[in-house]
Each structure stands twice: as C-alpha cells, then as structure tokens.
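Participant: After the structure tokens below, expect a handful of questions from me.
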Amino acid sequence: MLSRLKSAMASVWNISVETIPDNAELNEFSAWDSMGHISMLLALESEFGLELNKENVHKLRSIPTILQALSAFQTTQSTTKLDQEPKKGS
C-alpha cells in the first residue's frame, strides 16, 4: 500500500517516487505544502475510492497517518467514508 500511496503522491506532485521519504509530512517535505496537500487528497479519493471530509483532511498530514487511515478503510470497506464506524455484526 505504501508504494501505491507514494506513486499517487509522486504523480500529483510531478516528482520521482524515490524522492518521497516513507515518513514524509505536510510542510516538512518540499512538494507537500498546502496546495500540494489538497491535490494529494483529491488523488487519494480517486486512487483508493475514498470520500474524505474536513475531519479526515486535518488528520491526514503524514504518510504514516495516511497508511493507518487506508488500512482502517480497507478493513471496513462497507462504506467509503473513513470516519464512519463499522456496522455491528460485520
């Protein structure tokens, strides 16, 4: 999942995947500024089939937190919202 995430980021930012550190963070990596963040979030929605809301946007500020959110999303795939609780009995 890390390689898929970094590929999406590299594509949006028009940089090489190899230049993105595994622990990159918003405003700590040159391409990941506020505008780069918005572009990357839109790409994540498209690439992973997510529907993000403003609470998600504020949480997804580093590769490790994005990977955690993607893992949680894949676990609960009954919905496309990252912040919705999984249904009981699922």
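The values are calculated or read from the model by the stated rules, or taken from the named source; none is laboratory data. Since the model is a prediction, treat every value here as computed from it, not as a measurement. Note that each Cβ is placed from the backbone with ideal geometry, even for glycine, and that neighbours are counted across all protein chains shown.
Participant: For segment 31-52, what are the residues that are exposed (fewer than 15 other Cβ atoms within 10 Å of the Cβ) and assigned to a loop (DSSP other than H, G, I, E, B)?
Facilitator: Across segment 31-52, the qualifying residues are Asp33, Gly49.
Participant: Suppose the filter is among the charged types (D, E, K, R), outside any helix (DSSP H, G or I) and surrounded by 11 or more Cβ atoms within 10 Å (Cβ to Cβ); does Glu28 pass it?
Facilitator: yes
Participant: Residues that are in contact (Cβ under 8 Å) with a residue 40 or more places away in the chain and polar (S, T, N, Q): does segment 3-21 have at least one?
Facilitator: no
Participant: When you look at Ser39, is it out of contact with any Pro (no Cβ under 9 Å at 6 or more places or on another chain), at pLDDT 80 or above, closer than 22 Å to Asn14 by Cβ and of a type in the set (Gly, Ala, Ser), yes or no?
Facilitator: yes
Participant: Then there's this: So Ala69 passes all but one of these: (1) modelled with pLDDT under 85; (2) not in a loop (DSSP other than H, G, I, E, B); (3) not β-branched (Val, Ile, Thr). Which condition number does it fail?
Facilitator: Tallying (1) modelled with pLDDT under 85; (2) not in a loop (DSSP other than H, G, I, E, B); (3) not β-branched (Val, Ile, Thr), Ala69 fails exactly one: (1).
Participant: Right, here's the next one. Here are some conditions: (1) at positive phi; (2) at pLDDT 90 or above. Ala24 meets all but one. Which one does it not meet?
Facilitator: Unmet for Ala24, out of (1) at positive phi; (2) at pLDDT 90 or above: (1).
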